[in-house]
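Read the figures in this text as sums done on the coordinates, not as results from a lab. From a predicted model like this one, the values you see are computed outputs, not experimental measurements. We place every Cβ from the backbone using ideal geometry, glycine too, and count neighbours over all the protein chains shown.
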């Protein structure tokens with residue numbers, strides 16, 4: 001049986017997606033907004049505390065530390081592919097909790113109402129991505 005030229009050279013997409021570096025890069029990019037935010041809150045700790053105060057989260061220092069630990073810890077679990085399901089679950093729950101706290105578009109006037117609605121839709125999509133991460137990492 002003859003093979004096609006494409007089959008004889010293999011499937012480049014399959015070769016790309018099955019490589020170890022591709023998976024690591026994908027996990028780094030998936031968690032970028034979390035570890036970026038966590039590092040920002042760690043580097044500018046007082047700014048992170050001010051952000052918690054802005055959203056009415058008291059004691060603000062405690063909440064800033066909890067956010068840093070959740071964002072950096074969850075990201076690390078996913079990037080290192082160690083208990084990635086746990087990291088994905090923690091980040092998904094964290095993301096869901098930010099919606100009523102920071103993105104309550106239903107209580108806003110225009111134009112912020114529409115802008116925050118789109119942010120919430122993006123958050124729902126990220127939650128779905130974390131669900132896929134947890135599912136595929138098992």
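Pop a pseudo-label 7 angstrom from the Cα along the beta-carbon direction at both residue 105 and residue 131 and give the gap in nm to one decimal.
Between residue 105 and residue 131, the simple spin-label model gives 1.8 nm.
If you consider only alpha-carbon coordinates, what radius of gyration and Dmax does the chain have, in Å?
19.3, 71
Please give the peptides 82-92, 128-138, 102-112, 27-37 ranked by average Cβ packing (other Cβ atoms within 10 Å per residue), highest first, as a rough proxy for protection.
Working: 82-92: 19.9, 128-138: 14.8, 102-112: 11.5, 27-37: 17.1.
With the highest mean Cβ count within 10 Å placed first, the list reads 82-92, 27-37, 128-138, 102-112.
Any chance you could give the angle, 0 to 90 degrees and rounded to 10, that helix 32-43 forms with the longest Cα principal axis of the chain?
Its long axis makes an angle of about 40 degrees.
Run the helix sum for the chain: -39,500 (n - 2.57) per DSSP H stretch of 4+ residues, divided by residue count, reported at 222 nm to the nearest 500 deg cm²/dmol.
Working: 8 runs with 108 residues, N = 138.
Theoretical 222 nm ellipticity from helices: -25000 deg cm²/dmol.
Where does helix 84-102 land angle-wise versus the long Cα axis of the chain, in degrees 0 to 90, nearest 10?
40 degrees
On C-alpha positions alone, give me the angle between the axis of helix 112-137 and the longest principal axis of the chain, in degrees, nearest 10.
50 degrees
Can you tell me the mean projection area, over all orientations, of the convex hull of the range 13-66's alpha carbons? Units nm², please.
4.6 nm²
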